[in-house]
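One structure is given below, encoded as C-alpha cells.
Every number here is computed from the coordinates shown, using simple stated rules; none is lab data. Given the structure is predicted, the values throughout are model-derived calculations rather than measurements. Backbone-built Cβ (ideal geometry, glycine too); neighbour counts: all protein chains shown.
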Amino acid sequence: MKNISTSIKNGKNKQMSYYYKYNFVSPEPVFSIVKEELKSYFDTGAVDDLLFPTYTDKCLRKLGRSSYQIQETYLDVCDFEARLPDNFFAVREAWMCTSVDARPYQSANSFYSQASSETTIQVSPVIVGGTPCTNAGCTDPGCDGHSCLPVLIQAVYKTNNAINRSVQRQYLLKPGNISVKAHCSLDCANLGSSSADSFDIRDNKFVTNFRNGVVHLVFYAYEYDAVGNQMIPDNYRIREFIEAFIKYKVFETLTNQINDETFNQIQQKMVNYKQLADEAFIMADIEIKKQDAYAKQNRIVQDLNRFKMYELPNRTNRYGWRRNG
C-alpha cells in the first residue's frame, strides 16, 4: 500500500499501546545442547531431531501468545475484506483509521538508475544552465578542466520518493462474533471496545462491516530463521523450559521402543525429565508475567485515577497532588 505513513497519530481515543518486545533468536543452540547431552541415543539412531520444531511450537503455545513476536501492519480494506499477513497468529489490537491531509515527507533512501522520470534529477554528466558542462566555455566555478571533458557518459538519475502522511488512528474495532475471539489474545484491547464497526477473521482474511478503509493491525506473528525453525524469545527461563521439554519427549519416545536399557531405567529418566520440564514451565510462566518498569508506572497511574472517587469532597490539603495521566 502506498502513501501510508509508518507513524500514525492518535485520534479521539487516547488509548496507547504498551507492551514489552522480546528479542527473538533461533532455537538451533537449544537443539544442539539436547543432541550433544543425549549423544549416545542420537548416534545409535534410536531417536532423531525430526520433531524438535513441533516440540518447540508446543512449548510456545503452552506459554501463551506473549511468547510470540509482536508486529504491526496496515490493511487496505476493499469490499469489506483484506488479506492477513502470512505469519499472522492472533490479533492484539485492530484500529480503525481515517484519512487526513498532511504534508508529505521525503524518503531518506535514494535510487540511482539510467531511466528518467518526473521525480528524478540528473547527476551525471553534469549539466549547467541546461547545457552539458564541457571544458570549452564552461561556466561552472567547480570545473577543474579535466572532469568536464566532452566524453560520452551514460546519464545517471537520482530518485527520491515522497511518502504522504494520510492516516490517523481513531478507535478500536469490536470483535464481531464468537469465532473471531479465538483469534484475539486475552490482553487484546479490542475485547473491551464499544464501537459500531466490527471485524471478523476467516479464511486468512480480515473481514469488516465497512466497505473501504484502512486498519492498523497489531498482531502476534510466527517468525522463522534461515532454516525454517520457529524463533523463540531470547529469555533464559523460556530456553530452559524448551530444552527440558524436548529431553522429556525424547525419553518418552524411547519408552515406546526396544533398546539396551530396561523399561524401568528409561521410565525413571522420563519421569525425572518430566518433573524438570514442569518446574521449568512454572519459572518461565512467572518470568513472562513479570511487569517491566513502564508497566508498573502505568498500573500506579491507573490505581491513582481509580481511587479518586473515594476522595473526600471537603478536602482542603491538596499539597503534592497533580493530574494523573
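Distance in nm between label sites at ARG211 and GLU72, each 7 Å beyond Cα in the beta-carbon direction?
Spacing of the two 7 Å Cα→Cβ label points: 3.0 nm.
Please rank LEU50, LEU276, LEU172, LEU304, fewest neighbouring Cβ atoms within 10 Å first, as an exposure proxy. Intermediate values should be presented prior to the final figure.
Working: LEU50 7, LEU276 17, LEU172 22, LEU304 13.
Placing the least packed residue first, the sequence is LEU50, LEU304, LEU276, LEU172.
Could the peptides 254-265, 24-35, 233-244 be put in order, highest first, of the mean number of other beta-carbon atoms found within 10 Å of their residues?
Values: 254-265: 11.2, 24-35: 16.8, 233-244: 20.5.
Answer by packing, highest mean first, reads 233-244, 24-35, 254-265.
Given 0.36 nm per residue, what is the gain on full extension from ARG61 to GLN275 after removing their alpha carbon distance, in nm?
Working: separation 214, 0.36 × 214 = 77.04 nm, distance 1.92 nm.
Stretched fully, the ARG61-GLN275 segment lengthens by 75.1 nm.
Mind giving me the nanometre distance, one decimal, between the label points for THR98 and GLN267, set 7 Å out from Cα along Cα→Cβ?
That separation, rounded to one decimal, is 6.9 nm.
Which length gain, in nm to one decimal place, applies between ASP49 and ASN109 when the Cα-Cα distance is subtracted from 0.36 nm times their residue separation? Intermediate values should be presented prior to the final figure.
Details: separation 60, 0.36 × 60 = 21.60 nm, distance 4.36 nm.
The ASP49-ASN109 span can extend by a further 17.2 nm.
Express in nm, to one decimal, how much length is gained between ASN160 and ARG299 on full extension, taking 0.36 nm for each residue of separation and deducting their alpha carbon distance. Each step should come with its number before you reach the end.
Numbers: separation 139, 0.36 × 139 = 50.04 nm, distance 4.45 nm.
Here the answer is 45.6 nm.
Using modelled amide H (1.01 Å from N, peptide plane; none on Pro or chain starts), what sits under 5 Å from the amide H of ALA90, excluding residues fewer than 5 places away?
Amide H to amide H, under 5 Å and 5 or more residues apart or across chains, ALA90 pairs with TYR220.
ASP260 to ILE288: FRET efficiency via 1/(1 + (r/R0)^6), r the Cβ-Cβ distance, R0 25 Å, to the nearest 0.05? List each step's numbers first, then the result.
Working: r = 40 Å, r/R0 = 1.60.
My answer for the efficiency is 0.05.
Calculated FRET efficiency, ASP86 and LEU312, Cβ-Cβ r, R0 51 Å, to nearest 0.05? Provide the component values of the computation, followed by the final result.
Numbers: r = 57 Å, r/R0 = 1.12.
It comes to 0.35.
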